[in-house]
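Chemist: My questions will all concern the structure given below.
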Amino acid sequence: MAEIKIDSKVFQDRISHLVNAWKADNRSGTGLFGGVSSLVILMGKVDSEQPEFHKNNSMHFWLLGYEFPTTLMLLTLDTLYILTTQKKAKYLDQIKGGRFPVEVLVRGKDSAENAKHFVKITDTIKAAGKKVGVLAKDTSKGPFVDEWKKAFAENCKDAEEHDIAQALSAAAFSVKDEAELRAMRTSSKACVALLTPYFLDEMSSILDQDKKIQHSALADKVYNKLEDSKFWKTVELPGRQKLPSDFDLEQLDWILEPVVQSGGKYDLKWQVDTDKDILHPGIIIAAMGLRYKSYCSQIARTFMVDPNKSQESNYKFLLAVHNLILKEIRDGVAVKDVYIKAHNLVKSKKPELEKHFLKNVGFGIGLENKDPTLIINARNQRALRDGMTLCITTGFNDIVNPTPQDKNSKTYSLVVTDTVRVTTGEPVIFTGDAPVDVDATSFFFKDEEETQPTPKKEKRDSRVGAVATKNITSTRLRSERTTTVDDDAEKRRKEHQKLLSAKKQKEGMAKYSESTTDKDGVEIKKFKRFESYKRDNQFPPKVKDMGIVIDLKNATIVLPVMGRPVPFHINTIKNASKSDEGEWSFLRINFLSPGQGVGRKDDQPFEDASAHFVRSLTFRSTDGDRYSDIANQIANLKRDAVKKEQEKKDMEDVVEQDKLVEIRNRRPAVLDNVFIRPAMEGKRVPGKVEIHQNGIRYQSPLSTQQRVDILFSNVRHLFFQPCQHELIVIIHIHLKDPIIIGNKKKTKDVQFYREATDIQFDETGNRKRKYRYGDEDEFEAEQEERRRRSDLDRLFKAFADKIAEAGRTEGLEVDMPIRDLGFNGVPFRSNVYIQPTTECLIQITEPPFMVLTLDDIEVAHLERVQFGLKNFDLVFVFKDFGRAPYHINTIPVESLDDVKEFLDTSDIAYSEGPLNLNWSVIMKTVTADTHQFFIDGGWGFLQNDSDDDDMSVEEEESAFEISESELEEASESSEEDSEFDSNASADASEEDASDDDEGEDWDELERKAGKRDREDEREEEEETRAKSSKKQRKR
């Protein structure tokens, strides 16, 4: 005990807090302290092999931070008396001299002197009052305790004892400060580390290898891991979290040694030691409890191996009850109400499980491993308070299994235990990192082939070969197979589209009246003016030499014109060129002026019809190198000016955000180890996302300046895309106004993601491969991959929900893509998978991102929809007609019905046509006079074209006519000019006629082919005979 250091400040704060609560209770008369005038806390001899943690131990830890055996504390309203041995008294000198007086009495070997100390304590009790507070259920033992009880009985015969267990719990232990909560979090994280990943990996490995191990042996593995310092330094919690950097392994100890139960024998009170039965692959329960810096936490989880439907259903219901309990736990709620609501849920939803439901669903935990005054049952009247910590245990005991696999599976139990903190809202689950959902706690080791029925053999036609059997389909053409039309659905869509088109036409007529066509949709161009200098003294000093001067600072070229320096701003210059003729060099500078063919966008108007403009200036010199240098400088200056102008134009819609209000009084919610897109400058390293009061912040670990702030008021859509069928899990934010990221990167989409595949996971170098062969390792890798992906989805979804909760005042909600309704398409250059959500049509897997808000869409048009084409295009026209239409190209024709159904159900009017339309011309027509456009029928011209395609084709075919004389002349000229054989047409007609006949069957074709082969063989034999006879005649 040489290094004992007592925090005197904490001692003074806590003793003052307790006394103030005591005084307040006496004044209010609530009776919590029972009107006692003194408190006696007795500590006897401690059993080091089986330590117990009760109110007396807790009082020592709470005030002093350490446990002082054979010590008596007497607390009155004005002084604390401590009777202890001389060795311990030295350490108690550290708490003397504070606001609250402390008097230490030292015991020695002199029994007479010790008796005097007892007399002084009893006299102080009598002087304070008749009522004395004691711990009625105190089990302290030892000679010191016996001496005190004797002295108290002799000297305080008239004293009235009152149990203060509940008073100490309410006033001292149950509501914890920040330092105590920090210790609780650390002990909970340590529990999680031992359960997941260590116990979970050990258990799954044993079951996967079909090994036999005793419950006690597996529990001992977990028990011994507490002393493994290397494990605690490298352990990684779920979600890649780490233990605190100041974690001290010496402060960690067991309060509930590891419990492993399976095979039908379960005790959810954890009062029975772990037995030596063999681990049974069925329902496996693991529980444990740790204390860190004297503060306790517990955790328990149920793992199911090859569960049946009944077990899965009951476990899901257990989670529902557990979540209800957690939801009800908050400040001010009566303890009994929590249990009653959980019990009523069981009674109403699954009454058959009511008798198996536990009699209580938890208790208070902290300095005591179980606070008996804070049991969560139907009789406890205590109210929960912010800062309390509870051990919530939800379970069903000894449920009968309707379909047992063996004799050890006839009954089973289910339990989930979490250590939580009570708040004014939802509780903080300290052990929440250990997953409880069905996917994470279920293991399936049976072969899938056992459960799959054997497929029926196809009936084989004896007339058809083996290869041909697989090639026979119900239709003869690919187009018929892939684009089968549902006539009823198509008819329903057409009826609905007629209503939508009429509605759009009506809205357009109401929105665009005559008074809205001031400019007739044409932007009025103005003559641009530029100013280089306001005064003469701002000219560069070099202009005195009457030469050409390039003023980079003011983006101006000063030219000598008729003996005077004339400045020309770079934006008035078109280009400069240098040419050589003999010994002379010429510099030609061309200027921009109205009426010049410089392109439609840059065309300048005539502001003054009588004005004159200089088109170009030419200078001559023998110094060709100087002219080359000037021409290059002008070109560079022009390029920089154009670039600057373009950047200014791009930044026009960028809005400066308000300041982010950071959370100061507590640690913000953090999602660590995520990447951002668009990427920040510099090395690609993961950062963290924090949720603050009015927005979120992405912080790069490279520099405090490399961060991105996004305010909730600027967020239009918040998406969460799971990593199912993808390589990354995504939280995507679509903004109302663009922001700048990094070095002048303007964007309206910001994305936070993490790769779902773990690069550090080495499948080839796994230590388990040393003794395992076959497919077991691949199965474990797949199961680990599924678990990892499930954890990632759960982590990101929970964080997205937290963002939505923090931004609920701005109407933020998490939206998820509906993958089943998605389709492939090319919105930019690459073919991507596009998915709808409840409000948008998105593609956020790879940049550039696509986020289309359905409310912004006016109409949609399907292009290249015609028989024989494998793809079609989709064009969206926005309600803002100044915005260019959005194209999604090369959509497979198999998705045509799905796209139509999606558009129809989203109440988007659509049309279709066989050709690509010139949308720039169409939109110019729309914006030129929008009111007239809707008077002429609006978007109905698209719908009319799609409805009348067949009719127009027939009209075009019938429009061609030719007279008989022209037909005869054409036939004669074709016969004279033809280079083909005259029988060619006859042969062709015969082939056409044969094609029109029905095809022959296989037997007929095989018979003809055999006959043809025999004829060919006879011809070859006759030729060989003729050749041999010729050779004989020659001889």
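The values are calculated or read from the model by the stated rules, or taken from the named source; none is laboratory data. What you see is a predicted model; the values in this text were computed from it and never measured. Note that each Cβ is placed from the backbone with ideal geometry, even for glycine, and that neighbours are counted across all protein chains shown. Ligands, DNA and RNA are stripped out before the accessible areas are found, and what is left, the full protein with its side chains, is counted by its heavy atoms. Shrake-Rupley method; radii C 1.70, N 1.55, O 1.52, S 1.80 Å.
Chemist: Any idea which residue in the range 610-622 is farthest from G547 (Cα to Cα), counting only those that are open to solvent by 100 Å² or more (accessible area, probe 1.4 Å) and modelled with pLDDT under 90?
Modeler: H612
Chemist: Please indicate, with yes or no, whether at least one residue in the range 248-256 is surrounded by 14 or more Cβ atoms within 10 Å (Cβ to Cβ) and in a helix (DSSP H, G or I).
Modeler: Taking every residue of the range 248-256 in turn, at least one turns out to be surrounded by 14 or more Cβ atoms within 10 Å (Cβ to Cβ) and in a helix (DSSP H, G or I).
Chemist: Okay, next question. Where in the range 670-732 are the strands (runs of 3 or more DSSP E), entirely inside, with at least 3 residues that are under 18 Å from the mean Cα position of the chain (by Cα) and within 14 Å of R754 (Cα to Cα)? Quick ask: steps written out before the conclusion?
Modeler: Numbers: elements: 687-691, 695-699, 707-711, 715-721.
Because the criterion is at least 3 residues that are under 18 Å from the mean Cα position of the chain (by Cα) and within 14 Å of R754 (Cα to Cα), the strands (runs of 3 or more DSSP E) in the range 670-732 that meet it are 687-691.
Chemist: Let me ask another. Give me the residue from the range 212-247 that is more than 28 Å from D791 (Cα to Cα) and in a loop (DSSP other than H, G, I, E, B) and, out of that set, most open to solvent (accessible area, probe 1.4 Å).
Modeler: The residue in question is K212.
Chemist: Moving on to the next point. Looking at the range 49-99 only, could you name the residues that are of a type in the set (F, W, Y), outside any helix (DSSP H, G or I), under 52 Å from the mean Cα position of the chain (by Cα) and at pLDDT 85 or above?
Modeler: Y66, F68, listed by residue number.
Chemist: For a quick check of your reading of the model, give me the residue pairs whose first member lies in the range 193-212 and is over 16 Å from I285 (Cα atoms) and in contact (Cβ under 8 Å) with a residue 24 or more places away in the chain, whose second is aromatic (F, W, Y) and in a helix (DSSP H, G or I), with beta-carbon atoms closer than 8 Å and at least 6 apart or on different chains.
Modeler: The qualifying pairs are A193/W232; D208/F779.
Chemist: If you don't mind, another one. If E368 passes every condition in (1) out of contact with any Cys (no Cβ under 9 Å at 6 or more places or on another chain); (2) within 25 Å of Y223 (Cβ to Cβ); (3) of a type in the set (D, E, K, R) but one, which one does it miss?
Modeler: (1)
Chemist: Please go through the range 209-237 and give me each residue that is farther than 26 Å from D277 by Cβ and touching a Lys or Arg at 6+ places or on another chain (Cβ under 9 Å), ordered by number.
Modeler: Selection gives F231, W232, V235, E236, L237.
Chemist: Run down A153, A171 and say which single residue is more than 15 Å from I365 (Cβ to Cβ), without any contact (Cβ under 8 Å) to a residue 60 or more places away in the chain, of a type in the set (G, A, S) and out of contact with any Lys or Arg (no Cβ under 9 Å at 6 or more places or on another chain).
Modeler: On inspection, the qualifying residue turns out to be A153.
Chemist: For the range 780-807, enumerate the residues that are modelled with pLDDT under 90 and open to solvent by 60 Å² or more (accessible area, probe 1.4 Å).
Modeler: Passing the criteria: E782, R786.
Chemist: Further question on the same structure: Which condition from (1) under 23 Å from K491 (Cβ atoms); (2) open to solvent by 10 Å² or more (accessible area, probe 1.4 Å) is the one that L874 breaks?
Modeler: For L874, the failing item is (2).
Conditions tested, residue by residue: (1) surrounded by fewer than 17 Cβ atoms within 10 Å (Cβ to Cβ); (2) without any contact (Cβ under 8 Å) to a residue 12 or more places away in the chain; (3) in contact with a strand residue (DSSP E or B) (Cβ under 9 Å, 6 or more places away or on another chain).
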residue	(1), (2), (3)
R639	yes, yes, no
L671	no, no, yes
F675	no, no, yes
K683	yes, no, no
V689	no, no, yes
H692	no, no, yes
I696	no, no, yes
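Chemist: Determine, yes or no, whether M816 is closer than 27 Å to Q724 by Cβ, touching a strand residue (DSSP E or B) at 6+ places or on another chain (Cβ under 6 Å) and open to solvent by 40 Å² or more (accessible area, probe 1.4 Å).
Modeler: When the stated conditions are applied, M816 passes them.
Chemist: Also, I was wondering about something else. For Q94, only one of the following conditions fails: (1) within 25 Å of F33 (Cα to Cα); (2) open to solvent by 60 Å² or more (accessible area, probe 1.4 Å); (3) in contact with a Lys or Arg (Cβ under 8 Å, 6 or more places away or on another chain). What is its number?
Modeler: (1)
Chemist: May I pose another question? Looking only at the range 528-543, how many residues end up being modelled with pLDDT of 85 or more and out of contact with any Pro (no Cβ under 7 Å at 6 or more places or on another chain)?
Modeler: Residues meeting the conditions: 3.
Chemist: Considering the range 106-129 alone, what residues qualify as being closer than 17 Å to K88 by Cβ, in a helix (DSSP H, G or I) and open to solvent by 40 Å² or more (accessible area, probe 1.4 Å)?
Modeler: If the condition is that a residue be closer than 17 Å to K88 by Cβ, in a helix (DSSP H, G or I) and open to solvent by 40 Å² or more (accessible area, probe 1.4 Å), then E113 is the only one that fits.
Chemist: Among T403, T423, T411, which is the only one that is over 25 Å from the mean Cα position of the chain (by Cα), surrounded by fewer than 22 Cβ atoms within 10 Å (Cβ to Cβ), of a type outside the set (D, E, K, R) and under 26 Å from L290 (Cβ atoms)?
Modeler: Going through T403, T423, T411 in turn, just one is over 25 Å from the mean Cα position of the chain (by Cα), surrounded by fewer than 22 Cβ atoms within 10 Å (Cβ to Cβ), of a type outside the set (D, E, K, R) and under 26 Å from L290 (Cβ atoms): T423.
Chemist: Considering only residues of the range 1-16 that are among the acidic types (D, E) and not in a helix (DSSP H, G or I), which is nearest to A179 (Cα to Cα)?
Modeler: D7
Chemist: Related question: Given the residues D138, D158, which is the only one that is surrounded by 12 or more Cβ atoms within 10 Å (Cβ to Cβ), outside any helix (DSSP H, G or I) and modelled with pLDDT under 85?
Modeler: D138
Chemist: If you scan the range 17-42, which residues turn out to be open to solvent by 10 Å² or more (accessible area, probe 1.4 Å), part of a loop (DSSP other than H, G, I, E, B) and either touching a helix residue (DSSP H, G or I) at 6+ places or on another chain (Cβ under 8 Å) or of a type in the set (F, W, Y) (or both)?
Modeler: G31, L32, G34, G35, S37
Chemist: Please find, among I844, I834, the residue that is more than 16 Å from the chain's Cα centre (by Cα) and open to solvent by less than 10 Å² (accessible area, probe 1.4 Å).
Modeler: Only one candidate qualifies: I834.
Chemist: Cβ-Cβ distance below 9 Å, separation of 6 or more or different chains: which pairs start in the range 81-96 with a residue that is farther than 11 Å from F68 by Cα and end on one that is of a type in the set (F, W, Y) and open to solvent by 40 Å² or more (accessible area, probe 1.4 Å)?
Modeler: none
Chemist: Might you let me know whether the range 433-443 holds any residue that is closer than 28 Å to G282 by Cα, open to solvent by less than 60 Å² (accessible area, probe 1.4 Å), touching a Ser or Thr at 6+ places or on another chain (Cβ under 9 Å) and at pLDDT 95 or above?
Modeler: Narrowing the range 433-443 to residues closer than 28 Å to G282 by Cα: 433-443.
Next cut, open to solvent by less than 60 Å² (accessible area, probe 1.4 Å) only: 433-438, 440-443.
Within this subset, residues satisfying the condition of being touching a Ser or Thr at 6+ places or on another chain (Cβ under 9 Å) are 433-437, 440-441, 443.
Applying the additional criterion that residues be at pLDDT 95 or above yields none.
So far as the range 433-443 goes, no, none of its residues is closer than 28 Å to G282 by Cα, open to solvent by less than 60 Å² (accessible area, probe 1.4 Å), touching a Ser or Thr at 6+ places or on another chain (Cβ under 9 Å) and at pLDDT 95 or above.
Chemist: Would it be correct to say that V865 is touching a strand residue (DSSP E or B) at 6+ places or on another chain (Cβ under 9 Å), part of a strand (DSSP E or B) and of a type in the set (A, V, I, L, M, F, W, C)?
Modeler: no
Chemist: Okay, moving on. Is it true that T809 is of a type in the set (S, T, Y), out of contact with any helix residue (DSSP H, G or I) (no Cβ under 9 Å at 6 or more places or on another chain) and on the phi < 0 side of the Ramachandran plot?
Modeler: The answer is no for T809.
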